[in-house]
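The values are calculated or read from the model by the stated rules, or taken from the named source; none is laboratory data. The shown structure was predicted, so the numbers you read here are calculated from the model rather than taken from an experiment. Methodologically, a virtual Cβ is constructed for each residue, glycine included, from the backbone with ideal geometry; neighbour enumeration extends over all protein chains shown.
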Amino acid sequence: MRLRHGVFLAPFHSVEGNPTLALERDLQLMELLDRLGFAEAWIGEHHSGGMEIIDSPEIFIAAAAERTKHLRFGTGVVSLPYHHPLNVANRLVQLDHMTKGRVMFGAGPGLLASDALMMGIEPESTRDRMAESLDVILRLLRGEVVTEESEWYSLREARIHLLPYTDPHPEVCVASAVTPSGGRLAGKYDLGMLCVAAGESAGFNALDTNWAIANEVAAEHGRTMDSRRLRVVLNMHLADTREQAKENIRFGTAEFIDYFNNNLPRYHVPEGTDPVDWLIENQVAVVGTPEDAIERIDRVLAKQGEFGAVLLQANSLADWPQTLRSFELYADHVIPHFAQANVNRVDSYNWITRVQGELIEKRTNAANQMFAKHEAERRAKAGAGETGPVTPAVAPQSPL
């Protein structure tokens with residue numbers, strides 16, 4: 001199974017930067033990823049906190065799709081408790097048509113408790129609301145007419161306005177972090193999984209457990225999970241050397257850590273400790289070279305087994321030019337490594353090295369035979385009186 005590569009764009013932007021420019025750079029990043037051969041980009045939804053400034057992944061995807069040719073886009077994720085399920089389904093299908101099938105649907109309960117509280121939603125209820133909404137959305141995407149009442153939405157003979165462009169409908173994935181809720185829903189409804197915390201200790205440790213839960217629930221419904229629809233999110237910044245990568249992330253590491261801790265304290269950096277050293281030592285992100293990225297992905301494969309895609313979490317650890325360089329290094333070295341894109345090229349080079357002596361001998365003999373043939377023809381013509389004196393051709397030292 002060929003591993004795909006993509007990006008998970010929350011996004012993260014400094015609260016001191018220009019937000020208009022930040023969104024423009026996010027769109028420019030999508031254009032670069034498209035040219036570099038990345039397969040997917042998943043776009044987040046957030047409404048508070050300051051750094052994650054995309055409110056509507058659907059609006060962003062519509063704009064990004066106009067700038068790209070091949071990249072597929074996913075909502076990463078639509079926070080279902082914040083939206084009426086009919087609106088979610090209709091927006092997805094509209095995007096499916098506008099992108100000619102390049103859209104995927106990621107669903108989740110909403111990560112930030114502050115988002116829910118602003119909308120008058122108790123965070124404790126979001127996972128149950130997500131499950132209710134997801135069930136309705138899937139029925140609508142299948143073309144059903146739904147009449148249903150809940151404590152937070154009503155549907156009366158509801159149907160989607162357009163049938164999907166994709167047959168039968170766009171791919172659907174659920175977010176999975178540490179709790180088993182994502183795995184349970186994926187197994188119940190035969191969905192993909194977005195393992196959004198796989199780069200951190202708790203999420204990494206829960207990877208195979210949540211996938212096992214998904215497979216157990218799927219088996220109860222007479223189905224088998226497809227590992228090609230399993231996606232793993234990892235945090236990385238790459239440079240030409242480890243020392244350069246470490247220096248690059250001094251730009252934004254402290255603010256990155258502070259932002260996460262401001263939402264939910266999770267990165268406990270001891271007082272007086274260099275946050276860059278702490279981030280690297282605790283493996284919150286891969287900070288190094290493409291070889292380090294390959295080693296981390298191999299670790300995930302060893303724990304999880306085969307899966308469909310690595311999603312690099314777009315971050316603000318380094319400045320803009322160094323961030324672009326990181327993605328270019330990944331595309332130039334990591335993607336072809338896992339695709340085995342250069343296997344035949346390397347074999348061809350090594351084969352020529354092994355038989356070099358034989359090849360030189362044959363090329364030298366061929367060149368000498370040509371000189372001998374030329375001289376013989378000139379002598380024959382001279383003997384017949386057709387030409388003047390014969391000037392012997394001299395074979396060069398090199399067989400070229």
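If the condition is being in contact (Cβ under 8 Å) with a residue 60 or more places away in the chain, within 26 Å of ALA10 (Cβ to Cβ) and surrounded by fewer than 19 Cβ atoms within 10 Å (Cβ to Cβ), then segment 227-250 contributes SER227, ARG228. Scanning segment 220-264 for residues that are closer than 15 Å to ALA186 by Cα and of a type in the set (A, V, I, L, M, F, W, C), we see that the one that is nearest to the chain's Cα centre (by Cα) is VAL232.
You will find that of TYR153, TYR165, TYR189, the residue that is without any contact (Cβ under 8 Å) to a residue 60 or more places away in the chain and not polar (S, T, N, Q) is TYR189 and no other. From the list ILE137, ILE213, the lone residue that is of a type in the set (Val, Ile, Thr) and buried (at least 22 other Cβ atoms within 10 Å of the Cβ) is ILE137.
Summed over segment 302-321, residues that are out of contact with any Lys or Arg (no Cβ under 6 Å at 6 or more places or on another chain) and either crowded, with 19+ Cβ neighbours inside 10 Å or without any contact (Cβ under 8 Å) to a residue 40 or more places away in the chain (or both) total 11.
Which one is surrounded by the most Cβ atoms within 10 Å (Cβ to Cβ) among residues in segment 143-175 that are farther than 26 Å from LEU194 by Cβ and hydroxyl-bearing (Ser, Thr, Tyr)? Result: SER154. In summary, ASP277 fulfils each of the numbered conditions (1) closer than 30 Å to MET225 by Cα; (2) surrounded by fewer than 15 Cβ atoms within 10 Å (Cβ to Cβ) with the single exception of condition (1). Screening the candidates LEU279, LEU317, LEU301 for the property of being closer than 21 Å to ASP208 by Cβ and in the same structural domain as GLY203 (by TED's automatic domain parsing) yields one hit, LEU301.
Going by what's in this entry, would MET51 be described as modelled with pLDDT of 95 or more, part of a helix (DSSP H, G or I) and surrounded by 21 or more Cβ atoms within 10 Å (Cβ to Cβ)? Criteria not met by MET51. Being of a type outside the set (D, E, K, R), within 17 Å of THR323 (Cα to Cα), in contact (Cβ under 8 Å) with a residue 60 or more places away in the chain and surrounded by fewer than 21 Cβ atoms within 10 Å (Cβ to Cβ) is the requirement here; does PHE256 meet it? No; evaluated as a whole, the condition is false for this residue.
Checked against (1) surrounded by 12 or more Cβ atoms within 10 Å (Cβ to Cβ); (2) assigned by TED's automatic domain parsing to the domain that holds ARG25; (3) touching a residue at least 24 places away in the same chain (Cβ under 8 Å), PRO336 passes all but a single condition, namely (3).
Given the structure, is SER114 under 28 Å from ASP128 (Cβ atoms), crowded, with 23+ Cβ neighbours inside 10 Å and of a type in the set (Ser, Thr, Tyr)? When the stated conditions are applied, SER114 does not pass them. The residue pairs whose first member lies in segment 13-40 and is among the aromatic types (Phe, Trp, Tyr), whose second member is part of a helix (DSSP H, G or I), and whose beta carbons are closer than 9 Å, counting only pairs six or more residues apart or on different chains, are PHE38/LEU32; PHE38/PHE327; PHE38/TYR330; PHE38/ALA331; PHE38/ILE335. Do any strands (runs of 3 or more DSSP E) lying entirely in segment 119-219 carry at least 1 residues that are modelled with pLDDT of 95 or more and either within 20 Å of the chain's Cα centre (by Cα) or outside the structural domain of GLY44 (by TED's automatic domain parsing) (or both), and which ones are they? Hits in segment 119-219: 172-176, 192-195. Consider GLY388 carefully, then state whether it is at pLDDT below 95, of a type in the set (Gly, Ala, Ser) and surrounded by 10 or more Cβ atoms within 10 Å (Cβ to Cβ). In short, no.
A quick yes/no check of all residues on (1) part of a helix (DSSP H, G or I); (2) within 23 Å of MET119 (Cβ to Cβ); (3) at pLDDT below 95; (4) not assigned by TED's automatic domain parsing to the domain that holds LEU134:
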{"residue": "ILE61", "(1), (2), (3), (4)": "yes, yes, no, no"}
{"residue": "LYS69", "(1), (2), (3), (4)": "no, no, no, no"}
{"residue": "HIS97", "(1), (2), (3), (4)": "yes, no, no, no"}
{"residue": "LYS100", "(1), (2), (3), (4)": "no, no, no, no"}
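Within the span defined as segment 267-286, every residue fails to be under 18 Å from MET51 (Cα atoms), part of a helix (DSSP H, G or I) and at pLDDT below 95.
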